[in-house]
Amino acid sequence: MNLMCANDIAIIGMAGRFPQAENIDQFWNNLMKNKDCITRWESKESSNDEKEVHQYKELKSRGILNNIDQFDAAFFDVSFHEAEMLDPQHRLFLECVWQALENAGYDITSYDGIASLYAACGKNTYIDAVEGKASTPAEIFQQYTTNGADFLPTRVAYKLNLKGESIAIQTACSSSLVAVHMACQSLLSGNSDLAIAGGVHIAIPEKKGYLYQEGMIFSPDGYCRPFDHRSKGQVDGNGLGVVVLKKLEEALSDGDFIYAVIKGSAVNNDGNDKAGYSAPSVSGQAEVIATALGMADISAESISYVEAHASATPLGDPIEVKGLSQAFSMFTDKKQFCAIGSVKSSIGHLNHASGIAGLIKTVLSLHHGKIPATVHYEKPNPAIDFEHSPFYVCGENTNWESDGPRRAGVSSFGIGGTNAHVVLEQAPEKMTSVKLNNSLEWITLSAKSQEALTNMKRNLKEAMEHHPTMRLEDIAYTLNTGRAVFAHRWAALVRNKDELIQALSDSEQPSKCFVADDAYKDEAYSNMIQQVDRWLNHHEVDWNAFYTLDQRSRVPLPSYPFERESYWLTREKKLEHKLESEMEINDWFYIPTWEKSSATNKEVESLEAFRNSCWIVFANEDQFSNELIDRLTHAGISVIKVLHGKTFMQMDRETYYINPTASDHYQKLMTALGEDITDNINHMFYLWSYAEQVDSSFEGTVSKDYLSVLYLIQSLEQKTSEVTLWVITSDAQAVAGGNQCWSIEKSVLFGLCKVIPQELDYMRTRAIDFTKAEHVDLHIDQLCNELLFHTSDSEVVYRGANRLVPAYKQISLSKPNRESVPIRQKGTYLITGGLGKMGLTLAEFLAKEYQANLILTSRSGFPSLEGEDHPTAVHRVNQLEKIKNYGSKVVVKKADAANRNEMESCLNDIHQEFGALHGVIHAAGAADSRYFRFINETTEDIVDEVLSSKVQGTLILADLLKGVSIDFVLNCSSLSPLLGGLTFAAYAAANRFQDEFSVYQQHHRFQPWISVNWDTWKFPVQKSDFGAAILETSIKPEAGVLAFQRVLTLNTSRVVVSTIPLNERIRKVEESLTVRRKQDKEEVVASTNLVFDRDTVQSIILNIYSSFFGNSSVAVDDDFFTLGGTSLEVLHLLSDAEQQLGIKIPLDLGFKALTPQLLTELCISILEEKAKQNSEKKYVYEVDIDGEIAIFTVTESDYHKYGLPEGAKNLRVV
């Protein structure tokens, strides 16, 4: 039971931004996932994470924040110039204070009490980091007031009209916890009715490493390990946090939401009782902790957790535990009853914001009743005597159980000796408020723009869905009395939360929504209508007077959705943060190449190891096929030979003819072979693409090659044993100096082979390319040698004696000079697929920077504002108007890139109207989701559609541009040829063709073609809050434009753009395939107590989604892809569900069930079927076979259906 005393202070509101956490919910989720939120990055000058700088080692590690350049200046009435001048610490802290006040349920613009602010701010590094410093006396003065730490609290007070104390706290690392102490003292002394306290630390550039010197405070390896035997030092981080405080008795009386209670706090200084100025002091720390415990007037034994300052320094941690032990020993002799931890292991040392970070973590722990683990902890630092102290390290997540109210201490110590300690207690049990007046509720929302209002409605709807216990009357009270009022307004009159969710979901409704029926239309109802009409018409309404008869409570609701924009000095050179981003962009580029690699991990010594196996060879009637078959049969391998033919024919048991493009012939082949043979075949050789092609057209060969392998794979749908498909081509890959002629049409098979094993876990693929310029015997030796090795090399090219595998060489591309980019002022550029998002983005860039003439092709022509696609059409029309306003001439042509007549007409029109064409961006492609299908669902029509724009379209462009002098032709390819992706078989194949064709054009036609394997571009989505952890790796449009400029400066035919290390990315894809195959080989054994009740399964699935996306607010109907997932990541999601539920989820079914609700239904059906199988009675019986007793098992259903064979005896239940 909580015992309230007069000095108790309630924490009624909180907000914060921490490394990899945009808010306190994400912060808590990261803590509970034991996530290390420190960012580590590679040095540009070294392949290692660390390098030597002078005689010191530099480490690239820091806890960083996203988008520190972003600020909603308009919301706070800050001018453009002032916003640029403001230190990001000031900007973000101002927003954070507003969010904390709204989290507390208070509209500070109408608050009639005295509100004070106590704030700590880190050293200003913004002005030093950016170029273009102030030159006039006026600018110098403005820079001084917009960047100095002293001016942070007074600026916030000015903007929010705070009339109480406004004090800057500067005690180094302890500053923000000292601010909390001073805020408490202000409340207790009566100087304030409401107190705000917090701190901010943002060092710029964020991605700046540190120099390690032994004996100093920093970690030698970029990891922070408080209390651990490996503790060597701290890692810095950026972040900020704010709490709103009020006297507990007043908070209870006013119906405030209470996160926790501050029972006591204290601050002191070490004086000179220590080894040196910067050294910590045992006595100083012990004294401040004992004083805080005395102020709290509680037993030290009732403290069950301490959030320590602990920054993992060899000197600091042992002294801190010694000081804590000394303080606690004044009250108790009890040992190891109190957990200890430090948030710095997760987010780093936030300097001026470190104390508030530790406080918010501990408050959330009290609120949720759980103590997160201290990350990286293994075993105690031998210099700390935990065994004889009151403490033990919390090394894993722990349910916080306590005989009385949960209590905790929080410490923060500053260099120079200012120490702070706060004693916390869990919030008192909330009394249920009583609603006395009418059961109808008005819900009001307002914002400074219509877009913000729309986002506000969406956020409120999601919050209600994720927190179903919130009461409607408390939601109404909080929104009506606890939010500032702005010009764009919306209101709804509702009876319950379901009606409110319905009203919030209706995007077409006007500014108000009435859902009450006639039974409620009395005088009170009419008065309410009048009140809200007044409010909607911008008249003042006293909502507090409306609730005088009720006991209502404030509840935490979503805060204002700021509409942030980038503000930074020297905009031409971008902001320091963006300069840093550009430095990242510099490292996004990779040149594909082929490097020598010997096969390793030899599995067998010779082909004789495969004796008595049965393999299939799709053979040509040529020397290569015949010699390979001879070599295999000589080794004792049975070979089934399948040859080209017009009709299906079986010549004998080992020779067949089929039509390569007749899908039913492959099914007939498998039927003729029979299950016994097909199930035991573990190698298939597809040699048809080794032969010379007889089809004179590129596109005809592409389609035939692709379809023949596709139909072969589809015919194996019922196969259960693992099989390796060897796809053998000739001259499909462009290797410098290795080909005299290229058959690039065959390259599509390499794209298909990338996806096959991802979708079909029983299949492995090996794609091997030779050149016909060499002797066949050499190829046979090399192929047979590959059979002896178990290797992860899924693609291999042989040129002479050289065995080559794909490699990707990272290059650094800095921002080019305008003159080096081959784009002409007022030049003429064709963009196929020009009305797509990427096409319009690049078109806007060309218009804005070069006032270019732009010809944008689209299958549908100019956007129609009629029909189902109205919102997209409106967006496109608006974008086109915007582009025209830059001074460009824009022509939208209805032309299919795969239609030669339409494209020829388009190019003729360009020449007639504009003269020369200077560049082409080929961005056309089949983006409709209906064309992305699993291999077993893919039809010829789908293949033709996907290949049309990227294969036929590319060939048509090349033919029409033959002989034309042009600056560049840029093919927009993707990462799918490198990474594959579920349902991407045709897409990866089409993109692979574009890649190889660009190489072919440069080497044979000497035209400046380049294929760009783009990473995913991130365009605005409906639920921008979701999937942040995944989408942050995508390319934002503005970054895509920067990359586009760099790419055009390259003298190469192909480049890969990947925002995260590419080779690591490829390795993880291969690793995920290995893990899934391993799971498939290990029989999944379900628990004997199969759990398949809906609530349990849905809870498991929701937890999997939440963990995957780092977001605890996932709803049951949220779609995996909308949240930010990718097709490859589906494998990880389904694997997690399989492991936790003990089932096997068919990939094709799982891919169609990618909301938590649909996946729950699928898993339940699988569990029920499994339970049915497990519960079915089984029998065994004996049969005498040639004098030996054989034992057989039969299920009850089969026993009743088929009976027992003749001679069966001794039937019994298993």
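What tally of residues in segment 912-923 results from selecting those that are surrounded by 13 or more Cβ atoms within 10 Å (Cβ to Cβ) and either free of Cβ contacts under 8 Å to residues at least 60 places away in the same chain or not in a helix (DSSP H, G or I) (or both)? Explain how you work it out, then say what you get.
We begin by selecting, within segment 912-923, every residue surrounded by 13 or more Cβ atoms within 10 Å (Cβ to Cβ); these are 914, 916-923.
Remaining after also requiring either free of Cβ contacts under 8 Å to residues at least 60 places away in the same chain or not in a helix (DSSP H, G or I) (or both): 916-923.
Adding up the residues that qualify gives 8.
Within segment 897-922, which residues are among the polar types (S, T, N, Q) and either over 44 Å from the mean Cα position of the chain (by Cα) or under 16 Å from Q851 (Cα atoms) (or both)? Let's see the steps before the verdict.
Restricting attention to segment 897-922, the residues satisfying the condition of being among the polar types (S, T, N, Q) are 899, 901, 905, 908, 912.
Across segment 897-922, the qualifying residues are N908, Q912.
Any idea how many residues of segment 614-628 are more than 49 Å from the chain's Cα centre (by Cα) and assigned to a helix (DSSP H, G or I)? Before you say what the answer is, go through the steps one by one.
Step one: of segment 614-628, the residues more than 49 Å from the chain's Cα centre (by Cα) are 621-623, 626-627.
So of that shortlist, the ones also assigned to a helix (DSSP H, G or I) come out as 623, 626-627.
Total meeting the criteria: 3.
Which one of the conditions (1) buried (at least 22 other Cβ atoms within 10 Å of the Cβ); (2) at pLDDT below 90; (3) not basic (K, R) does T791 fail to meet, given that it meets all the rest?
Condition not satisfied by T791: (1).
Of the residues that sit in segment 637-691 and are aromatic (F, W, Y) and surrounded by fewer than 20 Cβ atoms within 10 Å (Cβ to Cβ), which one is nearest to I744 (Cα to Cα)? Give the steps one after another, and end with the answer.
Just the residues of segment 637-691 that are aromatic (F, W, Y), to begin with: 648, 656-657, 666, 685-686, 688, 690.
Of the ones still in play, those that are also surrounded by fewer than 20 Cβ atoms within 10 Å (Cβ to Cβ) are 648, 657.
Values: F648: 29, Y657: 27 Å.
Out of the qualifying residues, it is Y657.
Mind listing just one residue for me: the one in segment 552-591 that is out of contact with any helix residue (DSSP H, G or I) (no Cβ under 9 Å at 6 or more places or on another chain) and at pLDDT 80 or above and, of those, farthest from D112 (Cα to Cα)?
Ranking the qualifying residues of segment 552-591, first place goes to I591.
Residues are listed down the side, and each one gets a yes or a no for (1) surrounded by fewer than 22 Cβ atoms within 10 Å (Cβ to Cβ); (2) under 30 Å from D270 (Cα atoms); (3) of a type in the set (K, R):
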| residue | (1), (2), (3) |
| --- | --- |
| E401 | yes, no, no |
| S412 | no, yes, no |
| I415 | yes, yes, no |
| L424 | no, yes, no |
| E441 | no, no, no |
| E451 | yes, no, no |
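Given A290, A373, which one is surrounded by fewer than 24 Cβ atoms within 10 Å (Cβ to Cβ) and under 33 Å from the mean Cα position of the chain (by Cα)? Write out each step before concluding.
Details: A290 fails: under 33 Å from the mean Cα position of the chain (by Cα).
Criteria check complete, one pass: A373.
Looking only at strands (runs of 3 or more DSSP E) that fall completely inside segment 1-102, which ones have 1 or more residues that are at pLDDT 95 or above?
Numbers: elements: 9-17, 50-53, 56-59.
By residue number, 9-17.
Based on what the data block shows, is D333 touching a helix residue (DSSP H, G or I) at 6+ places or on another chain (Cβ under 7 Å) and without any contact (Cβ under 8 Å) to a residue 24 or more places away in the chain?
Working: touching a helix residue (DSSP H, G or I) at 6+ places or on another chain (Cβ under 7 Å): no; without any contact (Cβ under 8 Å) to a residue 24 or more places away in the chain: yes.
It is false that D333 is touching a helix residue (DSSP H, G or I) at 6+ places or on another chain (Cβ under 7 Å) and without any contact (Cβ under 8 Å) to a residue 24 or more places away in the chain.
Starting from segment 532-544, keep only residues that are closer than 20 Å to D474 by Cβ and in a helix (DSSP H, G or I), then list their pairs with residues that are among the β-branched types (V, I, T) and modelled with pLDDT of 80 or more whose Cβ atoms are within a distance under 8 Å, requiring at least 6 positions of separation or different chains.
What qualifies is V532/T444; V532/V541; W535/T444; W535/V485; W535/V541; W543/T481; N544/T481.
To keep it simple, each residue is scored yes or no on (1) under 27 Å from M4 (Cα atoms); (2) in a loop (DSSP other than H, G, I, E, B).
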| position | (1), (2) |
| --- | --- |
| A383 | no, yes |
| Y392 | no, no |
| E401 | yes, yes |
| I415 | no, yes |
| A420 | yes, no |
| E425 | yes, no |
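Scan V951, V892 and give me the residue that is β-branched (V, I, T), modelled with pLDDT of 90 or more and surrounded by fewer than 20 Cβ atoms within 10 Å (Cβ to Cβ).
Values: V951 fails: surrounded by fewer than 20 Cβ atoms within 10 Å (Cβ to Cβ).
It is V892.
Among the listed residues S189, S231, identify the single one that is among the hydroxyl-bearing types (S, T, Y), farther than 14 Å from I347 by Cβ and surrounded by 24 or more Cβ atoms within 10 Å (Cβ to Cβ).
Among S189, S231, only S231 is among the hydroxyl-bearing types (S, T, Y), farther than 14 Å from I347 by Cβ and surrounded by 24 or more Cβ atoms within 10 Å (Cβ to Cβ).
Among the residues of segment 272-284, are any under 26 Å from Q426 (Cβ atoms), under 43 Å from the mean Cα position of the chain (by Cα) and surrounded by 17 or more Cβ atoms within 10 Å (Cβ to Cβ)?
Here is the first cut: in segment 272-284, the residues under 26 Å from Q426 (Cβ atoms) are none.
No, every residue in segment 272-284 fails to be under 26 Å from Q426 (Cβ atoms), under 43 Å from the mean Cα position of the chain (by Cα) and surrounded by 17 or more Cβ atoms within 10 Å (Cβ to Cβ).
Can you find a residue that is crowded, with 16+ Cβ neighbours inside 10 Å, modelled with pLDDT of 90 or more and in a loop (DSSP other than H, G, I, E, B) anywhere in segment 699-707?
no
The values are calculated or read from the model by the stated rules, or taken from the named source; none is laboratory data. Keep in mind that this is a model prediction, so the values were computed, not measured. As a convention, Cβ positions derive from the backbone with ideal geometry for all residues, glycine included, and neighbour counts pool all protein chains shown.
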